[in-house]
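Written out below as structure tokens is the structure these notes cover.
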Amino acid sequence: MSANTTNILIVGVGGQGTLLASRVLAQAAMDLGHDVKVSEIHGMAQRGGSVVSQVRYGPQVFSPIIKMGEADVIMAFEKLEAARYLSYLRKDGLIVINTESIDPLPVMSGADVYPENLEQKIAAVVPNTVIMDASGIAEECGNIKAANIVMVGRVGKALQMSKDSLAQAIKTLVPSKAIDINLRALDAGWDFMD
Amino acid sequence: MKKLMIGNQAIARGAYEAGVTVAAAYPGTPSTEIVDGFSKFEGVYAEWSPNEKVALEVGFGASLGGARTLVTMKHVGVNVAADPLYTMSYTGVTGGVVLVSADDPGMHSSQNEQDNRGYGKFAKLLVIEPSDSQEALDFTREAFDLSEEFDSPVMLRVTTRLCHSQSLVEEGVKQDVPLKEYKKNEAKYVMLPGFARLRHIEVEKRMDRLRDYVETSPLNRVEWGDRSIGIITSGIPYQYIKEVLPEASVLKLATVNPLPEKLIRDFAAKVEKLYVIEELEPVIEEQLKAWGLDVTGKDLLPIIGEYSPELLEQVLVGRTAEPPYTLEGSIPGRPPLLCPGCPHRAVFHILNKKKLTVAGDIGCYTLGALKPLGAMDSTLCMGASIGTAMGMEKARGIEGSRKTVAVIGDSTFIHSGITPLIDVVYNQGNTTVIILDNSTTAMTGHQDHPGTGVTIQKAEAPKLDLEAMVKAIGIRRVTAVDPINIKELEKVIMEELAFEGPSVIIAVRPCALIDSNKYPPLVVEKDKCKACKACIKIGCTGMYWVEEEKLAYINPDLCIGCGLCVEICKFDAVVERAVM
């Protein structure tokens, strides 16, 4: 893949807002003059399954999907999903993990166990790991559902994107009554101290 | 200014720019957003049809009436619409018709992985395949001109990865295409054998003209590079090739039926080693081999599943991606589930508890097959549950039918469950059918249908009365029940199974995601919980088990207070939060 392409893999559980996060990042990248591709999966993924969105931007982007070991950033809205997609992170890539855990069915039913201290285990192998309570921060901003935008703020800063462009994307993509909360969430993520 | 669009949105825009005024579809992943998006343009007519066959027939009529017409469906929907499709190839069109077939390599949300390029060959249609959203818009617009030029429906074949990937699109200017004059022409549009024989000759002449057209179509292109490797590809795999083998020479095909023989032979002659890279069936490869060309394709690459850049890199470059970071230990899977608070979960809970044989159907309810509910014995296609239950009964006799039910959703029942129910009445089956009425087409993202009383454009419509219709078919025993009332539900199911004769149970409650009734989340009273896990066994994601405490818990963020677990718990341990 082209060294000039930035690859962001966004993983979580259906309903956590991976789609909105990918659209905000893509819109902001487009405003900066990049070619952009985004891959989403609809349908079955909405029913509490594991969900992945992929954002790629640069001078010219061909494939809408990221190769294993090529993601510059993984944004994980849930710890188990962070672990599931870790193989997509490139060497020296950044992984940002929300500390939220959502038990999948095999765990809920007691057939399997949720691995302990996943975020610490990942941090032990990936030097560039950021662990954040994005859901808690979002709740302070006014709505726990804005955790996705808190994460967008942290990742946008790491990728040296324009905060104004991200804010502009939020204004065009979220319903008007949710704009203020999401802009606060963007600020909180942008200013987050690891 | 360019815009980011998913492929489906770009197709809708392309149809709008081409002057399309009528669009019809039945929802189906990955096609749903096309006509949904198209319906939002000013001055157009769009409809959710009851099924794909009706959608294409409406498309035929609109074309006959002189309008440019868009009809969209998922790949298996084309099977439903295949009957009108094959003969529309004979009649041709008045206003241009584009049929979008959205295939699903990898089966992200489908029951099979069929490759609808095959329809192009057998129905003798021009099939065009785009590779990104810009092409999706441009090719759609072009396809309407081609449909009228060649007097034939044109198939735009897309796949999930195109439908649901966004890329940059430059919108064009909307054409105003006047309605064509209607002239009665029975020799062209009434397919009596005498007329159809003459039309078949026209179809073959058209195929000759199409074979000429594709040789010089501006939609196909050659990108010369290193001539030691030549790749023939189309659709999304083209994008992967550009990542994996940026130096190779590429013949990028848009017209995948008919194939441009001279263009392909010329390309093949100028490269040392020729590959065809196509997902699913070797449609292009087999034609090349029939022409005697030496080509490599499916002997290296799989027929099964979706391709990816790493797969092509591994096969074509011999480089296997090594993940830089890995964790020890296994990661529990996260299968999709019925939503927390899905009111129809109760039905599957009872069917499982009573160990009944369940002929299932397409939609969210197929998830009732997964553990811990595990209440499904078969799922084939839209509407198949009722005929399947009838057939099992005819094979195994009345005793079998007393332990067998058909389970089908409201939208699926209207799509293709009515005719098999007529069969049950006519041929005197004892089949018990449970219609799970959640008042929407839920799986594809909540589209309206004739039973919701609302159109695609959110206007009021006559609401189909399922109970009255089922009675009109001749089912005498029809019982409506609220599935949350689990004791009543169980009683009704057991009564109807025991009854000798056909019966229908309609379990009515809206999908939890659209239900306007909101109830507060529930909570488990610790001292009352006896750790029997009955509530856990209903597989609601709002509940979870904590082994160390031997206690069931309810996640207040997910619980919508439907009360199913209250009904299930024998110890009255689940209560409203306010009671605590």
Q: Can you check what the net charge comes to around residue B:150, using other residues whose Cβ is under 13 Å from the Cβ of residue B:150 (Lys, Arg +1; Asp, Glu -1)?
A: -4
Q: Would you mind checking which residues have amide H under 5 Å from residue A:52's amide H? H placed 1.01 Å from N; only 5 or more apart, or other chain.
A: A:41
Q | Amide H contacts under 5 Å for residue B:164, placed H, 5+ residues apart | A | B:7
Q. Please identify the GluC sites (Glu not before Pro) of segment B:69-153 that satisfy two criteria: DSSP loop assignment and at most 10 other Cβ atoms within 10 Å. Which are they?
A. none
(Q) Need one value for B:315-327: mean number of C-beta atoms belonging to other chains within 10 Å of its residues' C-beta atoms. (A) 5
Q) Within 10 Å of each Cβ of B:164-171, how many other protein chain Cβ atoms are there on average? A) 6
Q. In whole angstrom, and with the biggest value first, how far do the Cα coordinates of the protein assembly as shown range along each principal axis?
A. 80, 70, 48
Q: Starting from the eigenvalues of the Cα gyration tensor, five times each then square-rooted, give me the equivalent ellipsoid semi-axes of chain A, largest first, whole Å.
A: 24, 20, 16
Q: Shielding by partners for B:236-248, please: the mean number of other protein chain Cβ atoms within 10 Å of each residue's Cβ.
A: 3
Q) What are the GluC sites (Glu not before Pro) within segment A:79-117 that DSSP puts in a loop, where the Cβ has at most 16 other Cβ atoms within 10 Å? A) A:116
Q: Using Cα positions and a limit of under 19 Å, work out the lysines in reach of residue B:526, with same-chain residues fewer than 8 apart set aside.
A: B:537, B:550, B:570
Q: For segment A:1-112, give the magnitude of the charge dipole about the Cα centre (Cβ charges: +1 Lys/Arg, -1 Asp/Glu; no others), in debye to the nearest 20.
A: 200
Q) Where does helix B:7-17 land angle-wise versus the long Cα axis of chain B, in degrees 0 to 90, nearest 10? A) 60
Q | Environment charge of residue A:84, counting only residues whose C-beta is closer than 15 Å and scoring Lys/Arg +1, Asp/Glu -1 | A | -4
Q) So what are the ³J(HN,Hα) numbers for segment B:540-546, from phi and the Karplus equation (6.51, -1.76, 1.60; θ = phi - 60°), rounded to whole Hz, Gly and Pro as x? A) 8, 6, x, 10, 8, 10, 10
Q | Other-chain or far-sequence residues with amide H under 5 Å of residue B:543's (modelled H) | A | B:555
Q.
Please report the spacing between the Cα centers of segment B:262-284 and segment A:134-173 in Å, no decimals.
A. 47
Q: Assuming a ≥ b ≥ c are the square roots of the Cα gyration tensor eigenvalues, decide whether segment B:488-558 counts as rounded (a/c under 1.5), prolate (otherwise, with a/b larger than b/c) or oblate.
A: oblate
Q: Would you compute, from DSSP H runs of 4+ residues alone, the mean residue ellipticity of the protein assembly as shown at 222 nm, taking -39500 (n - 2.57) per run and dividing by the full residue count, rounded to the nearest 500?
A: -10500 deg cm²/dmol
Q | Of A:134, B:125, B:244, farthest towards positive along the dipole that unit charges on Lys, Arg, Asp, Glu beta carbons give the protein assembly as shown | A | B:125
Q.
Step by step: find N for segment B:221-317, compute 2.2 N^0.38 Å, then divide the Cα radius of gyration by it. What's the final number?
A. 0.96
Q. Where the centroid of each part is defined by its Cα atoms, how far is segment B:509-562 from segment B:61-107 in Å?
A. 46
Q) In percent, how large is the relative contact order of chain B, given Cα pairs closer than 8 Å and 6 or more residues apart? A) 11
**Q.** Residue pairs, from the table A:145/B:533; A:157/B:2; B:262/B:289, whose Cα atoms sit over 22 Å apart
**A.** A:145/B:533; A:157/B:2
Q | Top positive-direction residue, dipole computed over segment B:303-382 with Cβ charges, set B:368, B:317, B:382 | A | B:368
Q) With a 10 Å Cβ neighbour count serving as the proxy for reagent exposure, in which order, fewest first, do B:378, B:167 appear? A) B:378, B:167
Q: Order the peptides B:325-337, B:40-52, B:365-377, B:118-130 from the highest to the lowest mean number of other Cβ atoms within 10 Å of their residues.
A: B:118-130, B:365-377, B:40-52, B:325-337
Q: Calculate I(q)/I(0) for chain B by the Debye formula, one identical point scatterer on each C-alpha and no solvent, and give its log10 at q = 0.12 Å⁻¹ to two decimals.
A: -1.21
Q) Rounded, prolate or oblate: which fits segment B:28-155, taking a ≥ b ≥ c as square roots of the Cα gyration tensor eigenvalues, rounded meaning a/c under 1.5, else prolate when a/b beats b/c? A) rounded
Q.
Charges at C-beta only: +1 for Lys and Arg, -1 for Asp and Glu. How large is the resulting dipole of the protein assembly as shown about its Cα centre, in Debye rounded to 20?
A. 1140
Q. Using a cut-off of 14 Å between alpha-carbon atoms, which aspartates and glutamates can reach residue B:463, once sequence neighbours fewer than 8 places away in the same chain are excluded?
A. B:410, B:437, B:448
Q. Summing +1 for each Lys or Arg and -1 for each Asp or Glu, what net charge is found among the other residues whose Cβ lies under 11 Å from the Cβ of residue B:120?
A. +2
Q | Cα long-axis angle, helix B:133-149 against chain B (0 to 90 degrees, to the nearest 10) | A | 70
Q: Kindly write out, for segment B:521-531 in residue order, the coupling ³J(HN,Hα) from the Karplus curve 6.51 cos²θ - 1.76 cosθ + 1.60 (θ = phi - 60°), rounded to whole Hz, with x marking Gly and Pro.
A: x, 9, 8, 9, 7, 4, 6, 8, 5, 9, 6
Q. If you plug each phi of segment B:561-570 into the Karplus form 6.51 cos²θ - 1.76 cosθ + 1.60 with θ = phi - 60°, what whole-Hz ³J(HN,Hα) values come out, in order, with x for Gly and Pro?
A. x, 5, x, 4, 5, 5, 5, 6, 5, 7
Q: Compute the Kirkwood hydrodynamic radius of segment B:3-216, taking the inverse of the mean of 1/r over all pairs of distinct Cα atoms, and give it in Å to one decimal.
A: 16.9
Q) What is the fewest-to-most order of B:214, B:546, B:71 by other Cβ atoms lying within 10 Å of their Cβ? A) B:546, B:214, B:71
Q.
Strictly over 20 Å apart at the Cα level, which of B:273/B:298; A:171/B:3; B:371/B:487 would you flag in this model?
A. B:371/B:487
Q: Measure nothing but the geometry: give the 0 to 90° angle between the long axis through the Cα atoms of B:75-91 and the longest principal axis through the Cα atoms of chain B, rounded to 10°.
A: 40
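Throughout, read-outs are computed from the coordinates displayed, never taken from laboratory work. This is a predicted model, so every value here is computed, not measured. All Cβ positions, even for glycine, are placed from backbone atoms using ideal geometry, and neighbour counts span all protein chains on display.
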